[in-house]
Amino acid sequence: MQTGHSDLITEGLRVRVAAQYLPDHSDPDARHYQFVYRVVLINEGDRWAKLLRRHWIITDAHNRMEEVRGPGVIGEYPELAPGDSFEYMSGCPLPTAWGTIEGIYTFKREDGSTFDARIGRCFLAPTAAPITQI
């Protein structure tokens, strides 16, 4: 079954993303479509990692892109030892009925090195599977 969700592993860090349309918070006549997305980060590797920053690329149905960069996520900088996980939810408005989100999270290792964990393309669409299915 095609869910529209994403699930990628980079250097032992699994990033799962699922989005869901919020019709009660949307106004199609005003070209406002509201989505909520859920992110689950799981350290499946054998090394500690701390999330430093995010870079999202949001593309609407007219192929207009918006980039969102910033420190941490929802005001936090989760530290993930092997086997740890972190989950959060956030929102994304669009001027079209569907679009996509994808990007990277930059993590730091104990030795000070950094790496970018890919956030796979996730579909923002009214027909996407519920966000509970990740």
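Every read-out reported here was derived from the displayed coordinates using simple, explicitly stated rules and does not represent laboratory data. Bear in mind that the values here come from a model prediction, so they are computed numbers and not experimental data. All Cβ positions, even for glycine, are placed from backbone atoms using ideal geometry, and neighbour counts span all protein chains on display.
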Estimated dipole of the stretch 6-127 in Debye, rounded to 20 [Cβ of Lys and Arg +1, of Asp and Glu -1, Cα centre]
200
Pairs of Cα atoms under 8 Å, at least six residues apart: use those to get the relative contact order of the stretch 92-134, whole percent.
40
Difference of contour (0.36 nm per residue) and Cα-Cα distance, MET89 to LEU52:
11.6 nm
Computed from the mean reciprocal separation of all distinct C-alpha pairs, what Kirkwood hydrodynamic radius does the stretch 43-97 have, in Å?
13.3
Quick one: among SER90, SER26, SER113, which has the greatest mean-square fluctuation in a GNM of the chain with alpha-carbon springs under 10 angstrom?
SER113
Contour minus end-to-end for PHE115 and ARG64, with contour as 0.36 nm per residue of separation and end-to-end as the Cα-Cα distance?
15.6 nm
Once the mean of 1/r over all distinct C-alpha pairs in the chain is inverted, the Kirkwood radius in Å reads 15.2
Return a whole-number percent for the relative contact order of the chain, with Cα pairs under 8 Å and 6 or more residues apart as the contact set.
34
